[in-house]
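Okay, structure first, notes after.
The values are calculated or read from the model by the stated rules, or taken from the named source; none is laboratory data. Fair warning: this is a prediction, and the values are worked out from it, not measured in the lab. As a convention, Cβ positions derive from the backbone with ideal geometry for all residues, glycine included, and neighbour counts pool all protein chains shown.
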Amino acid sequence: MASNKTTARSNHHTTRSAYVNGSAVRQLEIGERYREVSRQADIRRELEQPKKQLSHAAYKNRQKAHYMNFAYVAFLSAALVLTAVVLIGYIRMESSITSSVKQISRLESQLNSLKMSNDEHLSRIESSVDLEQIRRIAITELGMNYAAEGQIVEIPHDGSDYVRQYTEIHQ
């Protein structure tokens, strides 16, 4: 009977190392177990140690750091309000710029369509004018004729298409 118990124990131990209660999770190794126990012991030691007493000067400095008087709170509130006003102004300015850019884009589009329409009208007008018919009407019906040799006077060109006559032209 004693041999049966040792066999059962060894079978149980063999079974346990291959498959543990339906779980496929690997067991912690000894090094990992040691680190876990050590970490828990460190945490327990820190909790059990009494807190160190601060010196009187350090205690006063900490109290000063936590103390906020009315002037300091007012200053921080004013800074917050000023920051909010500046940010709201900035957002409004950005919105204004965006709407201006959209309006400029719309107006440029309108200008381009008007230029195209103007060019189409100009081309239609130029194609409808018959220069030969104008010359025939000017010569036959209105009695005009071409300029003779002495009637053409050339004026010095200063780069402009516009000439204003202040005195008589000498021939």
(request) Quick one: residue 138 ticks every box in (1) at pLDDT 95 or above; (2) more than 45 Å from the chain's Cα centre (by Cα) except a single one, so which number is it? (result) (1)
(message) Against the condition among the polar types (S, T, N, Q) and surrounded by 10 or more Cβ atoms within 10 Å (Cβ to Cβ), how does residue 100 come out, does it pass?
(response) yes
(request) Within region 106-126, identify whether any single residue is modelled with pLDDT under 90 and either surrounded by 10 or more Cβ atoms within 10 Å (Cβ to Cβ) or assigned to a helix (DSSP H, G or I) (or both), and answer yes or no. (result) yes
